[in-house]
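Q: Mind having a look at this structure? Questions to follow.
Read-outs throughout are calculated quantities, based only on the coordinates presented, and are distinct from any laboratory measurement. Here the structure is a predicted model, which means the values were calculated and not measured. Methodologically, a virtual Cβ is constructed for each residue, glycine included, from the backbone with ideal geometry; neighbour enumeration extends over all protein chains shown.
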Amino acid sequence: MKKGIYRYTYLVLIISCSSFAFYIYNKGKNTVQLPQLKDRNAELSLAADWPIVQKTTAQLLTEIKKKPGQNKFYLALAKEYLQEGRVSGNFSYYNEACLELIDHVLKKEPKNLDALCLKGTVLMSQHRFEECKQLMEGVALENSYNAYVFGLLTDAHLELGNYSEAILMADKMVGLRPDLRSYSRISYLRELHGDVPGAIEAIQLAITAGYPGGEETEWARMVLAHLYENSGDLVRAEEQYRMALEERPNYPFALSGLGKIAKANGILNQAIQYQLDAIKIMADASFFEELVELYGLNQQLDTMNEYAQLTINSLKKDNDIAYKDQKMGHFSDRELAKLYLSIKDFKNALEYSKRDYERRPMNIESCELLAWSYYNLGQLAELKPLIEKAMRTNYKNPEFLARIGIMQKAIGNQSLGLELIKSAFAKKPYLDTELEAVIWML
């Protein structure tokens, strides 16, 4: 009798322990390590929004701990981190943090629209354009009246070079919600198709629709300044950069923009300082690219090579991670190719421009970059098909036109090449100095 009781008690104990172990395992499986907000650097921490970001994030982390089953708090935190990545430039950390939170929600709610849209946004930030396109095409089948979905599809198609599809998606987006985001996309599409006045008009609508001083609004203002620059109107471009700094003090992209104006005016030391000021706030690759070029123009070649190698090492690390892990890193092949071109390492430039091209062979800028890399290695037989694809949208960016013109001349199309080069100078008399040198050597 006692044996039977012992056996029964032992069996109950095993079942209880097994159940508890399963509960612990399952709980561990269904909880997420909550990523924390990173401190901003000294300059960014002075921004008016920083105390609000800290307070909001702390509240959301507390709510998640209190109510771990409430998905809305995970998504709200992911949105905060997504925006913080844009503001701080720490995309690697915040993209990974967002994906942890988003994937936690999607395990429980695979069709949660907010979670899917946030995931698409992170994929675009990581330059995983094909993955974003595939994800959002599925989402659009069940959400045909959501402007954000069509915005992400516009972006993915644009980056992949599917321009007709991008136009269709942008039309749907602006029809559903004419706001800053949709006008910004319309502006870029018009610019890509050679309609610069139309692009300026659309981005002005975007700025008007935005909140003054908001990061998205001032980014749209950077686009307007860039369009003025490429039209040869430095005065209006500078006005927009200074206006952005009034609305959003220490905005790094505006500081970098003033550096471009100083470069165009030949004030190289001032241009360098503006880029250094921007880098103190945000270590964006584009600021380093500008700085490398400026040190080269200023004949500070040791410093140029030092900054170039520093930037290349950082980008390569992130790029290598992106190829190995779908949740981490950031594809930076294009940025690496451009940096290698700037220091005349044409072999590595070709390697990385090929990688970029393999991932998006219809993108006109990817085609032009690969063609330019081949040109600098003297491999002219490769140019024609790439140039033809690059020219198919009538893009009128002056540097783009000048490089295409140089390559057209190199493959024997003398009159067309000269026409493109003249057009580039007419739009932007203060063209990239290195490009000017190549043109005068022809």
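Q: Looking at the stretch 343-395, which of the residues that are hydroxyl-bearing (Ser, Thr, Tyr) and free of Cβ contacts under 8 Å to residues at least 40 places away in the same chain is nearest to Ile406 (Cα to Cα)?
A: That would be Tyr375.
Q: So, one more: Is it the case, given these coordinates, that Gly213 is over 27 Å from Leu401 (Cβ atoms) and in contact with a Lys or Arg (Cβ under 6 Å, 6 or more places away or on another chain)?
A: It is true that Gly213 is over 27 Å from Leu401 (Cβ atoms) and in contact with a Lys or Arg (Cβ under 6 Å, 6 or more places away or on another chain).
Q: Which one of the conditions (1) assigned to a loop (DSSP other than H, G, I, E, B); (2) in contact (Cβ under 8 Å) with a residue 24 or more places away in the chain does Ala237 fail to meet, given that it meets all the rest?
A: Of everything listed in (1) assigned to a loop (DSSP other than H, G, I, E, B); (2) in contact (Cβ under 8 Å) with a residue 24 or more places away in the chain, Ala237 misses just condition (1).
Q: Take the residues in the stretch 33-77 that are among the basic types (Lys, Arg) and outside any helix (DSSP H, G or I); name whichever of them is farthest from Asp103 (Cα to Cα).
A: Restricting to residues being among the basic types (Lys, Arg) and outside any helix (DSSP H, G or I), the top hit is Arg40.
Q: Inspect all residues belonging to the stretch 97-111 and state whether any of them is under 28 Å from Phe253 (Cβ atoms), touching a residue at least 40 places away in the same chain (Cβ under 8 Å) and not in a helix (DSSP H, G or I).
A: no
Q: Regarding Phe331, is this residue surrounded by 16 or more Cβ atoms within 10 Å (Cβ to Cβ) and farther than 30 Å from Ser164 by Cα?
A: So Phe331 fails the test.
Q: If you don't mind, there's one more thing I want to ask. For residues that are in contact with a His (Cβ under 9 Å, 6 or more places away or on another chain) and under 17 Å from Glu382 (Cα atoms), tally how many sit in the stretch 332-355.
A: Matching residues across the stretch 332-355 total 0.
Q: Do you know which of the residues in the stretch 105-116 that are buried (at least 22 other Cβ atoms within 10 Å of the Cβ) and not small (Gly, Ala, Ser) is nearest to Ala166 (Cα to Cα)?
A: Leu116
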